[in-house]
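Take a look at the structure below.
The values are calculated or read from the model by the stated rules, or taken from the named source; none is laboratory data. Predicted model, so just to flag it, every value in this text is computed and none were measured. Glycine also receives a Cβ, built like all others from the backbone with ideal geometry; neighbour counts cover every protein chain displayed.
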Amino acid sequence: MTGEAKRQRYIISHLASEGDSITRTRTAIAQHIAEKNGIVWKNIYSGVFRDLDEVLIPLNIVIEDGRLPLTRGPKALQESGVPFYKLTIKGLLVALGLIELKDKDGVLQQFLSKSEIKENHFKESIKILAKISPSFAYSIFEKYIRAYCDGKVKDIIPFNIIEMKKISGQTFKIQKELLEGFTTLSKSDKNAVLNMFIGK
C-alpha cells in the first residue's frame, strides 16, 4: 500500500472508533496517526487535510459533523470554527473491511442500525455470524470493499448480499458446504472435526 492509502485507512478507523468531537478534528487525527507511527504530527497534517478534502469527502466516506469554536488564532478561524468529521453509512461499511479497526462489533451495530439493506434477513444473519465466526463475518466486508476498490462493484451502498455472493464465489460455496455438512454430523464426529481445526 502507498503511504496515502495507509493514512486514509488510519483516518477511517480513527473516525470509526472516536465519539468525542475534539478527537475528530484534522489536528487530532494527525496527532493520533503520528503517535502510532512515531512521527511528528505536523509533518503529516497537510496529508490528512488533503485526504479528507480531496478523497474521503468527495467519495462520501466522510462528512463534516460540525465545528468547534476557537478563542485564539486567526480571526477567520475563530469565526468559522474548526471542523470535525464523522463517517457516513458508506464510511462505516468501509471501516468494517479494515484490519486496523479494533471495535468492529460496535461499528457493525452502527452500520446495521443506519443502513438500508436490500435483503431484510441479512441484518439478523450477519449479527449471528459475527458472534459465532467473527473472522468469517468481517472477511465478507473486506472482500466487498476490495471488490469496490478494484472496480468490480459500482457502489457499495446499499449493501447487496447477492452482489457479495458473486464476488466471494468459491469462498461462499465452501463455507455453505461446511456449515450444511457440519450440522448433519453426530456429536462425536463434530468433536473430531473441531479437534482437527484446533490441533488436538
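Starting from residues that are in a loop (DSSP other than H, G, I, E, B) and of a type in the set (D, E, K, R), keep the ones in segment 1-59 and report whichever is farthest from residue 94 (Cα to Cα).
Top of the filtered list is 20.
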Index of the failed condition, residue 23 passing every other in (1) in contact with a Pro (Cβ under 7 Å, 6 or more places away or on another chain); (2) within 20 Å of residue 101 (Cβ to Cβ): (1)
Pairs with Cβ under 6 Å, 6+ apart, first in segment 90-113 and closer than 16 Å to residue 147 by Cβ, second part of a helix (DSSP H, G or I) and modelled with pLDDT under 90: 94/145; 96/141; 97/141; 97/142; 97/145
Evaluation of residue 28 against (1) among the small types (Gly, Ala, Ser); (2) more than 23 Å from residue 146 (Cβ to Cβ); (3) at pLDDT below 95 (one fails), failing number: (3)
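If you check residue 108 against the conditions, is it modelled with pLDDT of 85 or more and under 26 Å from residue 174 (Cβ atoms)? Lay out the reasoning, then the answer.
Values: modelled with pLDDT of 85 or more: yes; under 26 Å from residue 174 (Cβ atoms): yes.
Here the answer is yes, as residue 108 does meet what is asked.
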Neighbours by Cβ (under 6 Å, 6+ apart or cross-chain): first from segment 51-65, within 20 Å of residue 158 (Cβ to Cβ) and modelled with pLDDT of 95 or more; second buried (at least 21 other Cβ atoms within 10 Å of the Cβ) and of a type in the set (Phe, Trp, Tyr): 62/85
Of all residues making up segment 40-61, the number that are among the aliphatic types (A, V, I, L, M) and more than 12 Å from residue 26 (Cα to Cα): 6
Residue within segment 87-96 that is modelled with pLDDT under 90, outside the structural domain of residue 15 (by TED's automatic domain parsing) and surrounded by 15 or more Cβ atoms within 10 Å (Cβ to Cβ) present: no
Residue match in segment 113-123 (condition: closer than 24 Å to residue 86 by Cα, of a type in the set (Ser, Thr, Tyr) and not in a loop (DSSP other than H, G, I, E, B)): yes
Members of segment 122-136 that are closer than 17 Å to residue 111 by Cβ and at pLDDT 85 or above: 126, 127, 128, 129, 130, 131, 134
Residue among 99, 156, 198 that is β-branched (Val, Ile, Thr), surrounded by fewer than 13 Cβ atoms within 10 Å (Cβ to Cβ) and within 20 Å of residue 61 (Cα to Cα): 99
